[in-house]
Every structure is written in structure tokens, then in C-alpha cells.
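The values are calculated or read from the model by the stated rules, or taken from the named source; none is laboratory data. What you see is a predicted model, and the numbers here were worked out from it, not measured in a lab. Reconstructed Cβ throughout: ideal geometry from the backbone, glycine too, with neighbour counts over all protein chains shown. What goes into the accessible areas is simple: the full protein's heavy atoms, side chains included, and nothing from ligands, DNA or RNA. Shrake-Rupley method; radii C 1.70, N 1.55, O 1.52, S 1.80 Å.
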Amino acid sequence: GFSIFVTTLTSVVAFSFGCISSIPAVSWLVLYAFPTLIVDFLYQITFFIALLVLDDRRVNENRRDCLICSTVKSRVDPNE
């Protein structure tokens, strides 16, 4: 949460300083990179976190990775 925010904030500040560059290639790069950072930040704090929660639920229910409708039987070692 917080580390993603700080990293995104510092990147946005760095790219915003790039907007005042007199070199056209740098200006165009920054104009395309700035919205990409915002979209990526929104993706990280919404969609990606939700997928991690769903995957954690799948793991806790002993479901497989690719075929989530089947469960994995836990093996019990008779020597333990």
C-alpha cells in the first residue's frame, strides 16, 4: 500500500520535471509515461490486490491452480 504510493509519487514528480524539458523526445516520453503511471497505480491498488485475495482464498481451500473446481487431498504421513 504505502510503498506503492511513495514509489508512484516519486516517479510522477520525476516525470513532471521532465515535462519542462526542451528536448522533444524527452517531452513526448514524459507525456506518455505520466498517464501510464497513474493507470498502473490504480490497477495496483484495486484489481491486483483483489486477485491476490481471491488467490489466497483458493490456496486456503486447497484448490488447484489451473482447475479451480477440483480440490487437492492432503496427504497424511502415518509416521507422524
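Quick notes
- Per-residue ³J(HN,Hα) for the range 51-64, Karplus 6.51 cos²θ - 1.76 cosθ + 1.60, θ = phi - 60°, Hz, x for Gly and Pro: 5, 5, 5, 5, 5, 5, 4, 4, 5, 5, 8, 6, 9, 6
- With DNA, RNA and ligands ignored, accessible area of F41 (1.4 Å probe; Å², nearest 10): 40 Å²
- Computed with a 1.4 Å probe over protein heavy atoms only, the accessible surface of the range 1-55 comes to 75 Å² per residue.
- Percent carbon-and-sulfur accessible area, the chain, ignoring ligands, DNA and RNA, probe 1.4 Å: 68 percent
- Sequentially through the range 21-31, phi angles give Karplus couplings (6.51, -1.76, 1.60; θ = phi - 60°) of 5, 8, 7, x, 5, 5, 4, 5, 4, 5, 5 Hz, Gly and Pro residues having no value and appearing as x.
- MRE, 222 nm, helices only [DSSP H, n ≥ 4, -39500 (n - 2.57), over the chain, to nearest 500]: -20500 deg cm²/dmol
- The accessible-area ordering, largest first, of the residues V12, V39, V59 stands as V39, V59, V12, per a 1.4 angstrom probe.
- Vicinal HN-Hα couplings computed from phi for the range 40-47 (Karplus, 6.51 cos²θ - 1.76 cosθ + 1.60; Hz; Gly/Pro x): 5, 4, 4, 4, 5, 8, 10, 5
- Difference of contour (0.36 nm per residue) and Cα-Cα distance, T71 to T10: 17.6 nm
- Computed with a 1.4 Å probe over protein heavy atoms only, the accessible area of C69 comes to about 110 Å².
- Probe 1.4 Å - accessible area at L67, Å² to nearest ten: 100 Å²
- Reduced Cα scattering model of the chain, Debye log10 I(q)/I(0), q = 0.16, 0.18 Å⁻¹: -0.74, -0.82
- Positive-pole candidate from L29, G18, T7, dipole of the chain, charges at beta carbon: L29
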